[in-house]
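The values are calculated or read from the model by the stated rules, or taken from the named source; none is laboratory data. Note that the structure is predicted; figures quoted are calculated from it, not measured. In this analysis, Cβ positions are derived from the backbone assuming ideal geometry, glycine residues included, and neighbour counts consider all displayed protein chains. Quick note on the areas: whole protein, heavy atoms, side chains included, nothing else; ligands and nucleic acids left out. Shrake-Rupley method; radii C 1.70, N 1.55, O 1.52, S 1.80 Å.
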Amino acid sequence: MERDGTAQQIARWIALGALFLIPLAPLVVANTFFFPFITGKAFYLRILIEIAVVAWVVLAFLDKEYRPRFSWIGAAVVGFVTWMFIADAFAPNALKAFWSNFERMEGWVLLIHLLGFFFAASAVLRVEKKWRAWFLASLGGSVVIVGYALLQLAGVYAIHQGSTRIDASMGNSIYLAIYFLFNVFIALWLALTESRAWLKWSLIALAALEGVLIFFTETRGTIIGFVLALALAALLTVFTAGKHARRVAAGVFILILILVGSFYAARNSEFVQNNHTLQRIASISLKEGQTRFTIWGIAFKGVLERPIVGWGQEGFNYVFNTHYNPSLYSQEQWFDRAHNAFVDWLVAGGVPAFLLYLSLFGSAFILLWRSSELSRPERIALTAAFVGYAVSNFFVFDNLYSYIYFFALLALIDSQVARPIVQLEHAPELEPADGVTYALPIASVALIALIWFVNGTGIQTAFKLIVALSPSAAGPSGNLAAFEDLAARPSFAAQEIREQLVAFSGAFVQNAQVTDTEKRQAASLAISEMQKQVASYPLDARSRLQLAYAYRIVGDNASALKEIQEAAKLSPKKESIWIEVGATAWDLGDMQLTQQAFHTAYALGPQFIELAAYAAAGDIAAGDSKAADKVLMSAYGTLSVDSTILAVAYYRTKNWPRLITLWKLRAEKPGASVETWFSLAAAYYTAGEKTNAIATINKAIALHPEDKNAAATGAAAIAQIEGKTTGQ
């Protein structure tokens, strides 16, 4: 059939337009959305993929050249996405497994979009011979990212994570690192097959610059992957290329070995240790990876519980809490990923998902090197890209655009090696007139419905949540109204909305401008919403704690304690939960439970000295000062310990000498703030030592002459102290 019908041309240009806009996704930052670096990119990608897929389907009906073809790599992609549908259906939180949340925007919804992108890109870019142009467009977008990163290094633009690790418009240095890694090898591949000298050297220069910038992301896993991929590319060239290329590649390989060896030898030098970027890279070691290894161990325990269907996407938190290792106390308390993409898929979809994920790489490597359609430089560059990506994924998890690059390269290989499917080839093609009369109108309606169903509610919610969290023209009541509106329309991000509501309500009830009625309204809404969350997902320890926080807002510590104890049952080895149990029990006057809970936390993590202070505080609360002193001497070697929880314990038990000693420790530290000195004065005053209290206030004022408010505040405090003296 001729490929110039009106319907076909419209569908063709729509499909190409959507596909060629996808490389601009890394530039998208939606500041009016919750998690602006994630949600904006995700909705942008989803909508473009939906448009491309619908247009491709129309093309496939009109012209058999666009129809899907068979390859083992395509079979692996279909098998992987299909199995994850089954695994997600059996997940403890199936809704989250399918739809994810704003922080990640993944779930099975992302997988089905990647599957659609795979087939649409493979067919359309193959038929139109636009693969090279598509990757060039992607590199064009990366030039803007490079400029952004360079301006961050120059201090013109702030780094969003608040560190020295560049993140550009990705908002995360890890995401930027893997983005640059893919682009380096894509640029090298295109350069090695480019005949125009100006473009060839421009691509080589871009690859070199992005390779350097990978190191400034300080993402150690990706740096390892990048170096290994470069070394592999050089070795493959040595074994497969001509004489001249072999010599160059051998030189590059030797240079890599020399640079790596020299850096390792100089890793403890002053030059390396005084440079933050080099120091972080030099810190790569098995010891530094201990946290990762511990998390992987937790993950494997979860796999043993559900080896076939796993826990579904976004289900790692159940495994993490159930099998929590107390050695992670000083780390993040709510890991939602194993920080290893291979392990993440093992947890999410069990052994079948893990094997299918491996088959994506395996089929890509095999077909890449068996294909006669791809040149040697293409094979080497793509192999290096896959290896660098795989090594990086061994230490981190995927993100939206690394998925796009991965599936784009899979689709590229598929488009080169796939063979026609007889049944699809023999299926009749639509007449051009039917394309205009039926195909395009039906496709348009289906596309609008698809975009609205998949993205409409999410886009509105992401926007409304930012509105609810931002200062309102109507004041705090306007924010409350926004949260009420969100609560009335549940979405896939209900947990995030409810947790934000709890935090908002906690601050809301402290606001003097808010009426008592509104305070009760906000607190009641937070409690009712978190009760719904717990009722829907009773095995989620985090939701239990959030409900406890909501109860605390209204002073219902008894209900709060009940939820915290339930959380402790779900995650019995997490010290932070036992601390919450002890603190809440203390507020309720249950000193025995306070002592027991604090000692449980300390027993779980005796290597964390601050937990000894909690154990001692529990003893003090229970009236056993001798036991408390024994704990402190054993852990600290002294009874004079600077600890907030001990300050609370001394204050509540009216142990003024110890409280004064503690505040003296803080005040005598270099650079102690005026507030610290005033707190010492308050301790003296509470203990009845008014003379010392006044002397301390005067000393605070003298030490901080730059603080204009200190003198006025101190004078008022002294007047109050002296006034009380006069009145006696």
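Remarks
- P(r) of the chain over all Cα-Cα pairs, binned every 20 Å from zero, in whole percent: 14, 41, 32, 12, 2, 0
- Dividing the convex hull volume of the alpha-carbon atoms in the range 629-720 by its residue count gives 92 Å³ per residue.
- The charge dipole of the range 18-154, taken about its Cα centre with unit charges on the Cβ of Lys, Arg, Asp and Glu (plus for the first two, minus for the last two), comes to roughly 300 debye.
- For the range 146-237, the mean projected area of the C-alpha convex hull, equal to one quarter of the hull surface, is 6.0 nm².
- Among the GluC sites (Glu not before Pro) found in the range 243-342, those both in a DSSP coil and sparsely packed, with 16 or fewer other Cβ atoms within 10 Å of their Cβ, are Glu288, Glu332.
- Euclidean distance of C-alpha centroids, the range 1-60 and the range 286-336, integer Å: 36 Å
- Two-site FRET efficiency, Val28 against Ala481, from Cβ-Cβ distance with R₀ of 25 Å, rounded to 0.05: 0.25
- Theoretical FRET efficiency, 1/(1+(r/R0)^6), r = Cβ-Cβ of Ser536 and Gln596, R0 25 Å, to 0.05: 0.20
- Carbon + sulfur, % of accessible area of the chain - ligands and nucleic acids excluded, 1.4 Å: 63 percent
- For the range 63-103, backbone nitrogen atoms closer than 15 Å to the point 7 Å from Arg370 Cα along Cα-to-C-beta are found at 70-77.
- Set against the 2.2 N^0.38 Å expectation for a compact globular protein, the range 118-271 has a Cα radius of gyration ratio of 1.16.
- Given 11 as the ceiling on other Cβ atoms within 10 Å, longest exposed-site-free region of the chain for trypsin sites (Lys or Arg not before Pro) in DSSP loops: 288-653
- Structure note, pairs Lys569/Lys630; Lys626/Lys664; Lys41/Lys130; Lys41/Lys64; Lys96/Lys574: Cα-Cα distances above 26 angstrom occur for Lys569/Lys630; Lys41/Lys64.
- Between the residues Thr240, Ala585, Phe118, the greatest Cα displacement towards the positive end of the dipole of the chain, with unit charges on the Cβ of Lys, Arg, Asp and Glu, is found for Thr240.
- Applying both filters, DSSP loop and at most 12 other Cβ atoms within 10 Å, to the GluC sites (Glu not before Pro) of the range 366-444 gives Glu373.
- Plainly put, the range 299-409 has a radius of gyration that is 1.07 times its Kirkwood radius, both from alpha-carbon atoms, as the Rg/Rh ratio.
- Surface analysis of the range 376-495 yields an accessible area of 42 Å² per residue, using protein heavy atoms and a 1.4 Å probe.
- The range 200-314, dipole about Cα centre (Lys/Arg Cβ +1, Asp/Glu Cβ -1), debye to the nearest 20: 400 debye
- Other residues whose C-beta falls under 13 angstrom from the C-beta of Thr676 contribute a net charge of 0, scoring Lys and Arg +1 and Asp and Glu -1.
- A full extension of the chain between Ser576 and His276 corresponds to an added length of 104.9 nm, given 0.36 nm per residue minus the alpha carbon distance.
- 37 °C / 0.692 mPa s Stokes-Einstein diffusion coefficient of the range 269-354, Kirkwood radius on C-alpha pairs, µm²/s: 234 µm²/s
- Gyration tensor over alpha-carbon atoms, the range 348-426, equivalent ellipsoid semi-axes in Å: 24, 18, 11
- Overall, the ratio between the Cα radius of gyration of the range 540-648 and 2.2 N^0.38 Å, rounded to two decimals, is 1.05.
- If the Kirkwood radius is taken over C-alpha pairs of the range 425-483, then at 10 °C and 1.306 mPa s the Stokes-Einstein diffusion coefficient equals 106 µm²/s.
- Theoretical ellipticity at 222 nm over the chain - DSSP helices of four or more residues, -39500 (n - 2.57) apiece, nearest 500: -23500 deg cm²/dmol
- Sites Arg520 and Asp336 - FRET efficiency at Förster radius 35 Å, r taken between beta-carbons, to 0.05: 0.55
- Note on the chain: with charges restricted to the Cβ of Lys and Arg (+1) and Asp and Glu (-1), its dipole about the Cα centre is near 1440 debye.
- Rg to Rh, two decimals, where the range 223-274 supplies the alpha carbon set and Rh follows Kirkwood: 1.13
- Of Val77, Ala91, Val260, farthest towards positive along the dipole that unit charges on Lys, Arg, Asp, Glu beta carbons give the chain: Val260
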